[in-house]
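The values are calculated or read from the model by the stated rules, or taken from the named source; none is laboratory data. Predicted model, so just to flag it, every value in this text is computed and none were measured. Heads up, the Cβs are rebuilt from the backbone with ideal geometry, glycines too, and the neighbour counts pull from every protein chain shown.
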Amino acid sequence: MRQATLMHWGKPSTVIVGKLMAAIMHGLSDRNVTVRKNYANALGNICKVAKASSIEKLIERLHSWYMEKEGEIFRIVSCSTQSLCHSI
């Protein structure tokens, strides 16, 4: 049922998936922990239909956040990584 919203003429619409991933990445830095977890879960679900190159870019971005930023970023990256692992 989740994939039905991302389908266009029987094929996954990668344009829509990319735009959704970009929008959800902004939600990962919300100040509310519950909101961040829900965005991370949504990101994991969208990765089920995303291209491998999009997932690689996502992982690279999370890695750069982990290495460069300070503070709450560790929780954001760990929550996002956990949701990605559950979606695969």
Q. Where in the chain are the helices (runs of 4 or more DSSP H), entirely inside, with at least 3 residues that are hydroxyl-bearing (Ser, Thr, Tyr) and modelled with pLDDT of 80 or more?
A. 52-68
Q: Residue by residue through the stretch 47-88, note down the ones that are more than 24 Å from residue 31 (Cα to Cα) and either acidic (Asp, Glu) or touching an Asp or Glu at 6+ places or on another chain (Cβ under 8 Å) (or both).
A: 56
Q) Which ones in the stretch 34-71 are out of contact with any helix residue (DSSP H, G or I) (no Cβ under 7 Å at 6 or more places or on another chain), over 16 Å from residue 18 (Cα atoms) and either among the polar types (S, T, N, Q) or touching a residue at least 24 places away in the same chain (Cβ under 8 Å) (or both)? A) 34, 38, 64
Q: Hey, can you tell me all the residues within the stretch 31-88 that are exposed (fewer than 15 other Cβ atoms within 10 Å of the Cβ) and among the polar types (S, T, N, Q)?
A: 32, 34, 53, 64, 78, 82
